[in-house]
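The values are calculated or read from the model by the stated rules, or taken from the named source; none is laboratory data. Note that this is a predicted model, so its numbers are computed, not measured. Neighbour counts are summed over all protein chains in view; Cβ atoms, including those assigned to glycine, are modelled from backbone coordinates with ideal geometry.
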Amino acid sequence: MNAPIASTTAASSADVAIIGAGPAGGTAAVTLRSRGLSVTLVDEAPLPGGQVWRALPQTLKSGAADRSPDRIDGDKLRGALANSDVDWRGDRRVWSVMRDPQGFRIDALGPSGTETIRARSLIVASGTHERTVPFPGWTLPGVMGLAAATILLKSQHVLPGQRVVVAGAGPLLAAVAAGILKAGGEVAAVIDQNGALDWLGASGAMLSRPALAIRGAGWVRRIVGARTPVYRRHCVVAAQGETDLASITIAPVGANGAPRPEGRKDLTADSLVIGNGLVPGTEITRLLRAEHRFDRDLGGWCPVLDGGGRTTIEGLYVAGDGGGVLGVDAARAGGRHVGETVADDARAVANRSERRPTSRRRPRFGAAMAHLARLRPAHVASIPAETVICRCEDVTRAEIDRAIDEGADEVNQIKHFTRCGMGPCQGRFCGDIVAELLALRQAGADDETTIDRARARIGSWTARVPIRPVPLDSLIGDFDYADIPVPPPAPL
Amino acid sequence: MTADYDAIVIGGGLLGATAALFLARGGMRVALFERGPLCREASGTNAGTLTMQMTRVALIPFALEGHAMWQSARDWLGHDVGMVTCDGLSLAFTEQEADLLSDRAAKRRAAGAPITLLSPAEAQKVEPGVSPDILLAGHCPVDGFTEAYSTGKAFRVALLQAGVAVREHTPVDRVEHEDAGYSVVSDGKAMARARRLVLAGGVWIEPMLAWLGVRLPIKTLINQLAITERVAPIMRSVVGIASGLLSLKQYPNGTVLIGGGWQGIGNRAEGGYALSPEALIGNVRLACHAIPALRGARLVRAWAGLEAETDDALPAVGPVPGHADAYVCGSVHSGYTSGLAIARHLAAGILGEGAGPELFPIDRLLRQSAPNPTRET
């Protein structure tokens, strides 16, 4: 057995630990505290709010008077947390999560070194990451994700470029384009993979949340008011530039989501902001070996959850988009609901009574938006052979296809054959696309039902620690050689 | 329907794949069964270190031969598996470690490994990145490493070209010893028959031998490893320490792999399902103590691989007592270095190609067991 490391690690424990302080995790924390449980809330950012309810950095606070609904909601959450005695741990990079006899053990790097947090229950509310369907030139400087542009706009009041093309799928398109216009930027065009009919299909669900629909209408009004060209049922097929982005090529898309050869058009732009939906961040639930299922409409692989956010692992819960992408409103409601479930479960354990099964309907609005942003197999099938898929390790589609030809028949094997997914992002950005490419080859079709069956069979990459890259320097701290608990020598 | 072969190998790791390859090249019809993809357990997740200074004394001759086989892998395997030949250093930071190092170096040298002892200044000439705090270093010019994760890809092509029936993702339920040989049952169905059987299942050789009523206890070690992002060159040798609890090298792509057999959490049935944060931090501290410039890198991934260990920590390689033409091949410590040679000698023996070196028959390790319920021998 290894002796404990003594020098820098601070240890603490709580009834419930929550990873992620966005709408889901933050709301769950407030709910649980009001039910009398002790809560430790951990996040990478210095202040609670997550991506959508992001706080302004202290340095920008005085100047900007942003009264957007997101800022107001975020300030409300931050106020509620500040007035509670939730153990708030911002600026923490969680690098390891494991089960231990008391429940769960979380290891994080913080401003004063390594920290160990133990808790009986764990809520994972770590949100999503962005997905981009690669095209030639997508790795040029000047191309960035929709969510990345949102962060620039929200937290730094920085425009992504002088002349910006906003492209991809889903409601973030209009939100980002309107945000750029509002901040005084120029949007050269909006390229929407969906057409009017697709949006019409979602309109019933949109009416279920009038406030959100009105907000969306406001974004559209701003885009129309600026006379920004909107290309519906189009997608970006290439980006060009010597050292930085100079122009992009767009193409109309067919009914299956694949670009068509005719009707292509070049647009000049120094910035392309693009996103093809969001993928639930399942690193922690996969690391803990909870059961997952593939659901294209919810963003891909999602933990199997009951209506109360319970995973298949005792004491492990998921709230928010990490359990399936349904948007901020659902995340806030889910945070409250999962918080109540965790509190009920804790009381049931204390009283030795039955746990209450909970059920909940999938929110229509969020589901309709996620459906619009889903990955289209035929779009992935159209990626040209020489396009880089894994930008950390520079692995092209042709190399992935060759690995499949050489007998790789599951995603981990593709990784070992090509190094795809072995870089700093550990496959967060390319994993979904690689699995889709393999599914397309194995299924020999590109309809969603067939591909979904193949995806479920193919699985996803094995999750490992560290959950995010960590500097060795901060991980090991200051130590003497004598502090290293070197095990006894191996036999000779 | 079952297929008839001359030999069936169960376990598609380095040992099983090598045995299958040389049996097939020796003219036999061979089937290889593997429950997952080839070389994805210990053979694909180990540190890829090819070193004499972590090898058991009894295995040194095989390790030297194995090292030479890795160097010529392009010729006989068709793929070099990213093999790099370089110097190897084993470091001592304390008087106690220096004594251990001198003693072990002498014994390994006597067994044929060209290990010499270097002063700190001499060691720094070999490895400019090494800590100035060392007292003594063991040096071996026969060292190096591969990209262990490429092992399966390399063997897969070679095995198929040699005509081996490669059955990946085919877990074997049991083996039945019949009059004419052995029958392999997978998913409730008899899949293949052969006169000869090789059990090469790593930590799973214990349950495999139990199919034949033979009880060989195998301990499962959960070895943790960690790798950094790509960084500028900071070292050019394989670095270990006297006790054997470190293996450290930088790949040509700039990533640095940190290993040494620090123990994670898991078991044979569930694998290495969690890493010990203490062991990971301890292992990384040791690595950064040895090569101080490593502190500037970021850790991107850590994992655990299973290693098999017998009661006397020496291999289980040889005939299965009481079962004609059945063999076991496993539990080779640092087997990634010596395993190629050991499995090739086993295959040569099965092919009747004259007397090779004495291997590691398991009679010494067997415990009293219940008689085989399916067959009296």
query = For the range A:437-483, what are the residues that are more than 24 Å from the chain's Cα centre (by Cα), crowded, with 20+ Cβ neighbours inside 10 Å and within 7 Å of chain B (Cβ to nearest Cβ)?
reply = A:Leu472, A:Leu475, A:Ile476
query = Got at least one residue in the range A:395-402 being of a type in the set (S, T, N, Q), more than 24 Å from the chain's Cα centre (by Cα) and within 30 Å of B:His169 (Cα to Cα)?
reply = no
query = When you scan the range A:412-436, how many residues do you find that are within 11 Å of chain B (Cβ to nearest Cβ) and not polar (S, T, N, Q)?
reply = 11
request  = Take the residues in the range B:187-239 that are within 30 Å of A:Cys392 (Cβ to Cβ) and among the charged types (D, E, K, R), then tell me which one is nearest to the chain's Cα centre (by Cα).
outcome  = B:Arg236
task = Determine whether the range B:32-55 contains at least one residue that is part of a strand (DSSP E or B), assigned by TED's automatic domain parsing to the domain that holds B:Asp325 and either more than 18 Å from B:Phe360 (Cβ to Cβ) or touching a strand residue (DSSP E or B) at 6+ places or on another chain (Cβ under 6 Å) (or both).
result = yes
ask   = Does the range B:64-83 include one or more residues that are under 12 Å from the mean Cα position of the chain (by Cα), within 14 Å of another protein chain (Cβ to nearest Cβ) and hydrophobic (A, V, I, L, M, F, W, C)?
value = no
query = Pick from the range A:281-329 the residues that are of a type in the set (Asp, Glu) and touching a strand residue (DSSP E or B) at 6+ places or on another chain (Cβ under 6 Å): which of them is surrounded by the fewest Cβ atoms within 10 Å (Cβ to Cβ)?
reply = A:Asp295
query = Which ranges mark the helices (runs of 4 or more DSSP H) fully within the range B:81-161 that have 2 or more residues being buried (at least 21 other Cβ atoms within 10 Å of the Cβ) and touching a helix residue (DSSP H, G or I) at 6+ places or on another chain (Cβ under 9 Å)?
reply = B:95-110, B:151-161
request  = Give the residues of the range A:73-102 that are within 14 Å of chain B (Cβ to nearest Cβ) and farther than 27 Å from A:Asp329 by Cβ, sorted by residue number.
outcome  = A:Arg93, A:Trp95, A:Ser96, A:Val97, A:Met98, A:Arg99, A:Asp100, A:Pro101
note = Going through (1) more than 7 Å from every other protein chain (Cβ to nearest Cβ); (2) not in a strand (DSSP E or B) one by one, B:Gly318 fails only at (2)
ask   = A:Val236 versus (1) outside any strand (DSSP E or B); (2) at pLDDT 95 or above; (3) aliphatic (A, V, I, L, M): which is the lone unmet condition?
value = (1)
ask   = Is it true that A:Thr132 is closer than 23 Å to A:Pro377 by Cβ and polar (S, T, N, Q)?
value = yes
remark   = Going through the range A:143-167 in order, the residues found to be touching a helix residue (DSSP H, G or I) at 6+ places or on another chain (Cβ under 6 Å) and assigned to a strand (DSSP E or B) are A:Val164, A:Val166
inquiry  = Going through A:Val395, A:Val411, A:Val434 one at a time, which residue ends up being of a type in the set (Val, Ile, Thr), out of contact with any strand residue (DSSP E or B) (no Cβ under 8 Å at 6 or more places or on another chain) and either buried (at least 24 other Cβ atoms within 10 Å of the Cβ) or over 21 Å from A:Ile274 (Cα atoms) (or both)?
reply    = A:Val411
task = Of the numbered conditions (1) over 22 Å from B:Tyr149 (Cα atoms); (2) among the hydrophobic types (A, V, I, L, M, F, W, C); (3) within 14 Å of another protein chain (Cβ to nearest Cβ), B:Leu89 fails exactly one; give the number of that condition.
result = (3)
query = So which strands (runs of 3 or more DSSP E) stay within the range A:21-115 end to end and still have 3 or more residues that are crowded, with 19+ Cβ neighbours inside 10 Å?
reply = A:39-42, A:93-100, A:103-110
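Residue by residue, here is whether (1) out of contact with any Pro (no Cβ under 7 Å at 6 or more places or on another chain); (2) of a type in the set (Val, Ile, Thr); (3) in the same structural domain as A:Arg286 (by TED's automatic domain parsing) holds:
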position	(1), (2), (3)
A:Gly335	no, no, yes
A:Arg352	yes, no, yes
A:Pro384	no, no, no
A:Ala443	yes, no, no
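Matching residues to (1) basic (Lys, Arg); (2) buried (at least 17 other Cβ atoms within 10 Å of the Cβ); (3) assigned to a helix (DSSP H, G or I); (4) in the same structural domain as A:Leu181 (by TED's automatic domain parsing):
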position	(1), (2), (3), (4)
A:Val220	no, no, yes, yes
A:Asp244	no, no, no, yes
A:Pro252	no, yes, no, yes
A:Gly263	no, no, no, yes
key: Answer from A:Arg67, A:Arg99 - the residue that is more than 27 Å from A:Val230 (Cα to Cα) and either at pLDDT 95 or above or touching a strand residue (DSSP E or B) at 6+ places or on another chain (Cβ under 9 Å) (or both)   = A:Arg99
ask   = Of all the residues that make up the range A:387-409, how many are part of a loop (DSSP other than H, G, I, E, B) and under 25 Å from B:Glu229 (Cβ atoms)?
value = 6
